[in-house]
Every structure is written in C-alpha cells, then in structure tokens.
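Okay, so here's the structure we're looking at.
The values are calculated or read from the model by the stated rules, or taken from the named source; none is laboratory data. What you see is a predicted model; the values in this text were computed from it and never measured. Here the Cβ positions follow ideal geometry from the backbone for every residue, glycine too, while neighbour counts run over all protein chains shown.
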C-alpha cells in the first residue's frame, strides 16, 4: 500500500490570468504560500506541502463559464492551523472585495468544523477550514455527510 504525503499541487485554468494573478498574488502569500514562478500566462505558489498553479486557458478555444456542478472541480479547501485564521481570512477577503459565498461559520461535517467559502475572479470556489484535533480520523468521531451534501 502506498501512503501519499498530501496533494503536491493543484492547477487551475482561468480565463484572464492578469485578473487572477491580482487575486491569487494577494491571497496566497496571506495563506503562507510563496510565489516560486510567474510568467506571462501562469503563476505558481508553494507552501505548507501545497502548490497552486494558475494558468490561462487558450482563449481561441470554446469555453463556458466555470460551474461547480459540471464534471470536474467542485471546490477545493485549504486547512487552517487554528480557528482564528478563518476570521483573519474573512477580514482579508473583505479587504480584497472577494465574493464570499458563506462564512465564517460552523459546519456540521465534523465536530468543530469552522470554515469560509469564497470565489476567485472566474467563480472557482475555494474554502479554508479548521477542524480541531484529528477530525474525522479520531476513532471517537464520525463524519457527517450532511445528507450527501444536499
């Protein structure tokens, strides 16, 4: 059996990389990621065993707007080290005039789950959460599927 060490990176395709760079170049360093690459059509940040690549789509190809209910990415979530980080992020997102979908608030997926959900300039949804202790890996805790996320 293989025992992986997290997700090395996520690559997001965006419509307007300049607009996305403004968003991610402000957000990701605030989350503790360091910019290690920037070119005309891409930018890459790494930190906390996580990498996030933003790259512009081929604007000559047909593409529709992002919709989390299409096949593919629904959203992705960063894990915060403590609950107050979610509140700090809320202040930062407001300062950035980012679209906050909901939060910060308690979720019922795991005991102590606290999160904020927001969108990037293309409408790609990002979450940052905090779950105390071992979360659902604690043998005395159970994952709550929230009626299959409905």
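Figures for the structure shown
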read-out	value
Test: residue 84 is in a loop (DSSP other than H, G, I, E, B), in the same structural domain as residue 115 (by TED's automatic domain parsing), over 13 Å from the mean Cα position of the chain (by Cα) and at pLDDT 90 or above	no
Output for segment 47-69, where each listed residue is over 14 Å from the mean Cα position of the chain (by Cα) and closer than 17 Å to residue 120 by Cα	55, 56, 57, 64, 65, 66, 67, 69
Test for residue 90: is it in contact (Cβ under 8 Å) with a residue 12 or more places away in the chain, within 13 Å of the chain's Cα centre (by Cα), at negative phi and not in a loop (DSSP other than H, G, I, E, B)	no
Residue within segment 103-110 that is outside the structural domain of residue 21 (by TED's automatic domain parsing), surrounded by 11 or more Cβ atoms within 10 Å (Cβ to Cβ), modelled with pLDDT under 95 and closer than 25 Å to residue 5 by Cα present	yes
Subset of segment 29-77 that is more than 19 Å from residue 89 (Cβ to Cβ), touching a helix residue (DSSP H, G or I) at 6+ places or on another chain (Cβ under 8 Å) and touching a residue at least 40 places away in the same chain (Cβ under 8 Å) - its residue that is surrounded by the fewest Cβ atoms within 10 Å (Cβ to Cβ)	55
